[in-house]
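Trainee: Structure in C-alpha cells, see below.
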Amino acid sequence: MRAPHRHRSRLLGPTVALAATSLLATACGSDGSDGASEVAVIIDQERCETNREAGAVTFVTGYHYQASVTQLEVIAADALGYFDALCLDVEIQPGNGDLMGNAQLVSAGTAQFTAMSNEAEVLQANVRDHEIVGIATYGHVPISTLITGPEVEDLTELEGRTLGHQSMLPAPLEAMLVEAGVDIDAIEQVEAGYDPSVLPRDQVQALTGFRSNEPHRLDALDAEYTEWHPEDFGVVGSFGVLVTSPVWAEQHPTVVEDFLRAVGRAFDHCQGDGAACVDHAADLDRAGYDGEHNLKVWDTERELVVSSTPDGEPRGFVDLDLTEQEARTLVDNGELDEVPDVAPLFDSRHLMAVHDGADLVWPDGE
C-alpha cells in the first residue's frame with residue numbers, strides 16, 4: 001500500500017503540448033442534402049453514403065457539458081468538423097447525471113451513444129434490462145476518491161466519524177475501506193450534497209468525490225486534505241466508458257467505428273489545446289460555465305487516461321480481466337448476485353477497426 005496523497009492548494013503541472021491537427025483531405029462529393037458540411041469529406045463515397053443513411057445520431061452526455069473524458073472529445077469533434085468529415089450527423093444532448101436513464105434511452109433507440117462513469121455501471125444497466133454494450137473504456141483506474149482531513153493517518157480512524165457522499169458510497173471506495181480493515185457499519189454515512197467545503201468546516205470527516213473535481217474545488221478554498229485512492233489498496237476500477245446499443249451497432253458498424261475515430265482524433269487535439277476545447281463546451285452551456293475549473297477536470301482525467309493505458313494499446317481498449325475484477329467488487333458489495341459473463345457486454349471490434357496497434361487511423365493518412 002502506498003502512502004495517501006496529502007495536499008495543500010496546488011496548481012496542476014504543465015500539460016503536454018501536442019501539435020494541433022487539421023483536416024487536410026480530399027472531398028468525395030456531397031449528396032446535396034440540407035445542412036451539408038463545409039468540411040471536406042475524407043472517406044470514400046460508399047462509406048460516406050452508408051454513414052449518412054443512418055441519419056441523425058444522438059449522443060447524450062453524462063452530466064451537462066462538463067469537460068470530462070468521453071464528453072469533451074465528443075463536443076470538440078463536433079465543433080472541429082471531425083464528424084462532418086466522416087459523414088456523421090451527430091446531435092449532442094446534455095444529460096442531468098441520471099446515467100441509468102441515459103442507458104435506457106440508448107437501449108430503447110431514442111439515443112445512440114452515451115457515456116457511463118465506469119464499466120460497473122454497464123453491468124448494472126444490463127441487470128436492469130437496459131441492453132447496452134461498452135465500446136471503449138478510456139480510464140483504467142477508479143475515478144472515485146475518498147477525501148479526509150490531514151489528521152486522518154489510517155482509514156480505521158474513520159470509525160465513529162461521519163462520511164459524506166452524494167447519494168451512495170461508490171463501490172471502489174467501499175472495497176477500499178474493506179481492504180483497509182475498516183468496520184463500515186461503524187461509520188455514520190450522510191448525504192452531503194455537492195459542496196466540498198463541508199469537509200474543512202468539519203461537518204463531515206470524510207467525503208467521497210471524483211479526483212478530477214472535488215480536490216480542485218478544495219484547492220480553490222486553500223484547504224488542507226488527504227486523498228485516498230482505491231488502486232493504492234489493490235482495488236481496480238475504470239472510468240470514461242462509451243456505450244451504444246448492441247442491436248444498433250450491428251446495423252451500423254461504420255457509424256460506430258467512425259464515431260470512435262472522430263472522438264479519438266478529438267482526444268489528441270484536446271491534449272494539445274484543452275483550453276480551446278473547453279471553450280467549445282462553454283459555447284453550448286447557457287448557464288454560467290466555469291472554464292478554469294473545467295480545464296482542470298479535463299487535464300486531470302486525460303492524464304489518468306494516458307497513464308493507465310498500457311504501452312501498445314489504443315486509448316479506449318477494454319481489458320476483460322480487469323472488468324471481471326470490477327464485477328467481483330460489485331458482488332462483494334451485494335450490488336450484483338454473481339459475476340456475469342462480461343464478454344458480450346463489451347465489444348472492442350469497432351475501436352480496433354480504427355486503430356493500427358495503438359495508433360489511430362485517420363483516412364487522409366496523417
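The values are calculated or read from the model by the stated rules, or taken from the named source; none is laboratory data. Computed from a predicted structure; not experimentally measured. Counting neighbours? That spans all protein chains shown, and the Cβs are built from the backbone with ideal geometry, glycine included.
Trainee: Within the stretch 203-217, which residues are of a type outside the set (Val, Ile, Thr), buried (at least 20 other Cβ atoms within 10 Å of the Cβ) and within 22 Å of the chain's Cα centre (by Cα)?
Mentor: Result: Leu207, Gly209, Phe210, Arg211, Ser212, Asn213, Glu214, Pro215, His216.
Trainee: Something else: Between a residue in the stretch 292-306 that is in the same structural domain as Val74 (by TED's automatic domain parsing) and closer than 16 Å to Ala266 by Cβ and any residue that is assigned to a helix (DSSP H, G or I) and of a type in the set (A, V, I, L, M, F, W, C), which pairs come within a Cβ distance under 6 Å, given they are 6 or more apart or on different chains?
Mentor: From the stretch 292-306, the pairs are Asn294/Val278; Leu295/Ala275; Leu295/Val278; Trp298/Leu72.
Trainee: Going by what's in this entry, would Gly164 be described as farther than 30 Å from Pro246 by Cβ and either modelled with pLDDT of 95 or more or assigned by TED's automatic domain parsing to the domain that holds Arg328 (or both)?
Mentor: Spelling it out, Gly164 is indeed farther than 30 Å from Pro246 by Cβ and either modelled with pLDDT of 95 or more or assigned by TED's automatic domain parsing to the domain that holds Arg328 (or both).
Trainee: What about Ala249, is it modelled with pLDDT of 95 or more, within 30 Å of Glu174 (Cβ to Cβ) and not basic (Lys, Arg)?
Mentor: Criteria not met by Ala249.
Trainee: Sticking with this one: Among (1) part of a loop (DSSP other than H, G, I, E, B); (2) among the β-branched types (Val, Ile, Thr); (3) surrounded by fewer than 20 Cβ atoms within 10 Å (Cβ to Cβ), where does Ile43 come up short?
Mentor: Unmet for Ile43, out of (1) part of a loop (DSSP other than H, G, I, E, B); (2) among the β-branched types (Val, Ile, Thr); (3) surrounded by fewer than 20 Cβ atoms within 10 Å (Cβ to Cβ): (3).
Trainee: Can you find, within the stretch 286-320, the residue that is farthest from His355 (Cα to Cα) among those that are under 12 Å from the mean Cα position of the chain (by Cα) and of a type in the set (A, V, I, L, M)?
Mentor: Checked the stretch 286-320; the qualifying residue farthest from His355 (Cα to Cα) is Val297.
Trainee: Filter the stretch 156-202 down to the residues that are crowded, with 22+ Cβ neighbours inside 10 Å and either among the β-branched types (Val, Ile, Thr) or assigned to a helix (DSSP H, G or I) (or both) and list them by number.
Mentor: Across the stretch 156-202, the qualifying residues are Leu158, Ala171, Pro172, Leu173, Glu174, Ala175, Met176, Leu177, Pro196.
Trainee: Restricting to the stretch 90-113, name every residue that is of a type in the set (Gly, Ala, Ser) and either in a loop (DSSP other than H, G, I, E, B) or buried (at least 19 other Cβ atoms within 10 Å of the Cβ) (or both).
Mentor: Gly95, Gly97, Ala103, Ser107, Gly109, Ala111 - these are the residues of the stretch 90-113 that are of a type in the set (Gly, Ala, Ser) and either in a loop (DSSP other than H, G, I, E, B) or buried (at least 19 other Cβ atoms within 10 Å of the Cβ) (or both).
Every residue, every condition in (1) under 14 Å from Val241 (Cβ atoms); (2) modelled with pLDDT under 95, yes or no:
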{"residue": "Ala85", "(1), (2)": "no, no"}
{"residue": "Val90", "(1), (2)": "no, no"}
{"residue": "Asn96", "(1), (2)": "no, yes"}
{"residue": "Leu99", "(1), (2)": "yes, yes"}
{"residue": "Arg128", "(1), (2)": "no, yes"}
{"residue": "Val133", "(1), (2)": "yes, no"}
{"residue": "Ile147", "(1), (2)": "no, no"}
{"residue": "Glu153", "(1), (2)": "no, no"}
{"residue": "Leu158", "(1), (2)": "no, no"}
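Trainee: Would you confirm whether or not the stretch 194-210 contains a residue that is in the same structural domain as Ser107 (by TED's automatic domain parsing), in contact (Cβ under 8 Å) with a residue 40 or more places away in the chain and acidic (Asp, Glu)?
Mentor: Within the stretch 194-210, not a single residue is in the same structural domain as Ser107 (by TED's automatic domain parsing), in contact (Cβ under 8 Å) with a residue 40 or more places away in the chain and acidic (Asp, Glu).
Trainee: Scan the stretch 134-155 for residues that are touching a strand residue (DSSP E or B) at 6+ places or on another chain (Cβ under 9 Å) and either surrounded by fewer than 23 Cβ atoms within 10 Å (Cβ to Cβ) or over 30 Å from Pro344 (Cβ atoms) (or both) and jot them down.
Mentor: Across the stretch 134-155, the qualifying residues are Val141, Thr145, Leu146, Ile147, Thr148, Gly149, Pro150, Glu151, Val152, Glu153, Leu155.
Trainee: Only one of (1) touching a helix residue (DSSP H, G or I) at 6+ places or on another chain (Cβ under 9 Å); (2) without any contact (Cβ under 8 Å) to a residue 12 or more places away in the chain; (3) not polar (S, T, N, Q) fails for Gly288. Which number is that?
Mentor: Every condition holds for Gly288 apart from (1).
Trainee: Every residue in the stretch 306-323 that is within 23 Å of Leu123 (Cα to Cα), in a helix (DSSP H, G or I) and of a type outside the set (Val, Ile, Thr), please.
Mentor: Matches in the stretch 306-323: Ser308, Leu320, Asp321, Leu322.
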